[in-house]
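Remarks on the structure that follows.
The values are calculated or read from the model by the stated rules, or taken from the named source; none is laboratory data. Because the structure is a prediction, the values reported are computed rather than measured. Here Cβ is always computed from backbone atoms with ideal geometry, including for glycine, and neighbour counts include all displayed protein chains.
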Amino acid sequence: MVVTSEAAALAPRIELRGIGKRFPGVVANHDVDVVIRPGTVHALVGENGAGKSTLMKILYGVQRPDDGEIVVDDAARSFRSPGDAIGVGIGMVFQHFMLADNLTVLENCVLGAERLHGIGRRARAAFVDLCARFGFDLDPDVLVEELGVAARQRLEVVKVLYRGAKVIILDEPTAVLVPQEVESLFANLRDLRASGHSVLFISHKLDEVLAIADDITVMRRGTTVGEAKPGEVTKHQLAELMVGSELPSPATTTSTVQETVMLELRGVTLVEGERAVLDGIDLAIRKGEVLGIAGVEGNGQTELVEAIMGLVRPTGGTILLGGSDVTTASTRARREAGIGYIPEDRHRHGLLLDSPLWENRILGHQTRPPSARGPWIDRRGARRDTDRIVEQYDVRTPSIDTNARALSGGNQQKLIVGREMSDEPVLLIAAHPTRGVDVGAQAAIWDQVRTARRGGLAVLLISADLDELIGLSDTIRVILRGRMAGTFAPGTVTPAELGAAMTGGRD
């Protein structure tokens with residue numbers, strides 16, 4: 001993709017000059033330089049712990065730099081809060097959406113910005129105009145709880161535009177989108193670029209970076225290590241710049257599937273209100289098998305996991321683990337029977353953010369060694385095993401006494417994966433196990449899954465990364481509106497075909 005001569009001739013919209021940020025025991029950023037030009041999509045890539053999140057928090061006013069300066073439209077700026085950043089035209093869409101489900105699309109957009117256009121006709125007109133100008137298909141009167149993930153993301157972008165943003169920071173915007181939704185988002189970004197907006201696009205998906213970006217900045221170990229143009233670099237070269245190694249592949253070449261069924265669901269149904277969020281689910285996973293579940297978020301995969309883990313009680317049907325009926329068993333009993341669990345939301349369900357790493361090692365495993373000795377917590381054993389996980393999974397932390405909140409998202413994920421793979425589970429429920437992690441961490445997680453699979457581990461893999469599903473799975477099932485809507489062979493199906501099945505485009 002070629003940058004227009006008009007954009008190239010304009011002065012930078014934002015310059016980050018020599019940015020540095022230090023925390024106790026950690027240098028998050030040092031000597032970071034980034035130049036963002038108007039009318040461009042600027043990609044920021046780097047491994048977990050490279051300092052991308054800290055840098056974006058500084059640019060958005062969540063944190064203040066210790067060194068360097070921020071220049072916006074040729075004027076040096078000092079942000080004390082996100083309000084200061086918004087005031088000069090910088091908006092941010094976080095990976096975890098910040099929307100009120102019980103309010104309408106329009107009410108969510110206006111909330112907190114009532115002073116701009118009021119809450120009546122002028123606000124509606126401004127919202128409708130923005131959607132029309134930039135190609136966002138949103139009904140202002142629909143409740144947010146009725147929206148799919150792609151529509152929620154579009155709403156988040158419209159929210160920052162409504163507040164006057166000329167620079168939009170997108171943090172992992174395609175992490176939960178199917179291919180058709182990604183292309184729709186990219187069409188919106190091209191419209192924004194054509195109107196003179198600047199988009200700062202943070203992603204680990206290098207194919208997408210090369211498809212949408214005009215400029216690329218690479219970070220490693222807290223600093224900028226290179227710049228690139230999409231037409232002059234390959235994804236393999238970008239990966240080497242990011243982590244110093246080849247681009248990993250999830251491909252699994254040999255089958256390890258055995259005859260013994262480890263998990264079986266028979267007619268599992270879950271009714272919430274008047275709606276069946278799970279409708280007669282039948283599936284079986286054998287030892288040594290990875291069963292992949294593909295589906296747009298909100299089609300029942302979360303409830304499927306919760307039913308298997310005992311977090312919700314099915315309305316009907318039977319769940320068997322190793323041939324034993326666990327339909328009414330507690331979550332603790334299922335854990336002790338050998339279920340490992342990587343949750344889709346690591347902050348809400350996977351970590352105690354304000355507790356040290358060694359205490360997070362115990363979480364969910366508090367009744368078994370090395371975290372327990374008899375009825376007592378074994379602090380020494382838990383600390384020793386946390387040290388092992390940190391080393392084996394390359395969890396970048398100054399100490400196992402560091403609170404989980406201080407780690408980057410990718411390092412938090414590596415800690416969870418290490419914990420759940422440590423107690424020799426017989427079944428692993430893995431919901432988006434590599435979401436938000438860099439290519440190096442992806443490779444480590446994929447290797448662990450493949451190794452455990454060869455040892456007989458049964459895996460239920462739920463992922464929005466269709467290449468990951470195709471590469472790791474022995475069989476792929478599609479879930480659509482709470483029902484199993486198709487079965488696919490990874491060796492022959494394409495991401496586009498899976499995306500079509502996930503959105504109801506084919507039977």
- Query: Restricted to the stretch 152-185, and to residues that are among the small types (G, A, S) and in contact with a helix residue (DSSP H, G or I) (Cβ under 8 Å, 6 or more places away or on another chain), which residue is surrounded by the most Cβ atoms within 10 Å (Cβ to Cβ)?
  - Reply: A165
- With A337, A329, A404 as the choices, which residue is of a type in the set (A, V, I, L, M) and buried (at least 23 other Cβ atoms within 10 Å of the Cβ)? A404
- Restricting attention to the stretch 194-220, and to residues there that are in contact with a strand residue (DSSP E or B) (Cβ under 8 Å, 6 or more places away or on another chain) and part of a loop (DSSP other than H, G, I, E, B), which single residue is farthest from R163 (Cα to Cα)? H204
- Just checking, how many residues over the stretch 65-88 are outside any strand (DSSP E or B) and free of Cβ contacts under 8 Å to residues at least 40 places away in the same chain? 10
- Among the residues of the stretch 234-255 satisfying the criterion of being over 16 Å from V209 (Cβ atoms) and in contact with a strand residue (DSSP E or B) (Cβ under 9 Å, 6 or more places away or on another chain), which is modelled with the highest pLDDT? T252
- Quick one: is G89 buried (at least 18 other Cβ atoms within 10 Å of the Cβ) and on the phi > 0 side of the Ramachandran plot? yes
- Query: Considering the stretch 54-77 alone, what residues qualify as being touching a helix residue (DSSP H, G or I) at 6+ places or on another chain (Cβ under 8 Å) and within 10 Å of G20 (Cα to Cα)?
  - Reply: R64, P65
- Note on the structure: Inside the stretch 143-173, the number of residues satisfying the requirement of being at positive phi and among the acidic types (D, E) is 1
- Note down all Cβ pairs under 9 Å where the first residue falls in the stretch 186-200 and is in contact (Cβ under 8 Å) with a residue 24 or more places away in the chain and closer than 17 Å to M92 by Cα, the second is of a type in the set (S, T, Y) and in a strand (DSSP E or B), and they're at least six residues apart or on different chains. L192/S198
- Task: State which residue is farthest from L428 (Cα to Cα) when the search covers only the stretch 463-489 and only residues that are among the polar types (S, T, N, Q) and in a strand (DSSP E or B).
- Result: T487
